[in-house]
Amino acid sequence: MIDEQILKAMTSIQEAASVKQAFGEPRTVGDRTIIPVAAISYGFGFGYGRGTERGNGGTTPGREGGGGGGGGQVRARPVAVLEVTPERLRVEPIVDASRIALAGIALGAWSVFWVTATVRKVAGRRAPVPR
Amino acid sequence: MRLGDREVVPLVEIEVRAPARARGGPALALAYRRAMPVAVIERRGGKERRVVIPDATGQAVRGIVAVGAIVWIVLWIVRRRWSNDR
């Protein structure tokens, strides 16, 4: 019963990730209209279990118990801004420099680790065998 | 949405994993939903124009991950070809 209620709640919350959330409210400044655009994601998970204790060597039913837990995440990441002027519609992408820099640093560390490991292995093969 | 003399139609890619669980036993349910803006269609004076919305950050990060994967594959081949472990 409880898990079915949670499933229903999860489904209803998820419906929120739609076009309305991805494209924000248009804001007009002078003759220009700005529309923020974002990538929206919702994620949920839960687990639930029940059990019965066996009393007197399994002949009589014992106490019952159950437990569960869950969690969720809602994320909105800005992707671009639409700029609408009387002449044209323009898309201005939003670049998350911190995220790209972090990925670049991770790539650098990854490459250094594997290049070092490979050079050590290959160099070890070519080293003269001590007699 | 209508903006002055033009109409702007947003296009969104929606990815859904519906909540579901196995019958009987411990219940475990996972669900997610993602809405990713793809493009807008601008209609004005009988003309229609499609403007793509690029995910600049996502593309850059995916590119970096791809480079990392290529580096790893090349080094894995080098290790297999020129090491004593075979």
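Bear in mind that the values in this text are calculations on the coordinates, not laboratory data. These figures come from a predicted structure and were not determined experimentally. Note that each Cβ is placed from the backbone with ideal geometry, even for glycine, and that neighbours are counted across all protein chains shown.
By how many nm would the segment from A:Glu64 to A:Thr85 lengthen if fully extended, with 0.36 nm per residue of separation less the alpha-carbon distance?
0.9 nm
Send over the semi-axes of chain B's equivalent ellipsoid, whole angstrom and largest first, taken as the square roots of 5 times the C-alpha gyration tensor eigenvalues.
43, 29, 8
Can you give the calculated 222 nm mean residue ellipticity of chain B, where each DSSP H run of n ≥ 4 adds -39,500 (n - 2.57) and the sum is split over every residue, rounded to the nearest 500 deg cm²/dmol?
Roughly -11000 deg cm²/dmol at 222 nm, from the helical runs in chain B.
With the crude spin-label approximation of a point 7 Å out along Cα→Cβ, what separation in nm comes out for B:Val38 versus A:Thr52?
5.1 nm
Would you mind giving the mean number of other chain beta-carbons within 10 Å of the Cβ of each residue in B:61-74, as a whole number?
The mean count of partner-chain Cβ atoms within 10 Å per residue comes to 4.
Using the Cα centre of region B:1-83 as the reference point, and only Cβ charges (+1 on K/R, -1 on D/E), how large is the resulting charge dipole? Debye, rounded to the nearest 20.
320 debye
Could you give the angle, 0 to 90 degrees to the nearest 10, between helix B:56-82's Cα long axis and the longest principal axis of the Cα atoms of chain B?
20 degrees
What is the spin-label model distance, in nm, from A:Ala123 to A:Glu25 if the labels are put 7 Å beyond Cα along the C-beta direction?
It works out to 6.3 nm between the two label points.
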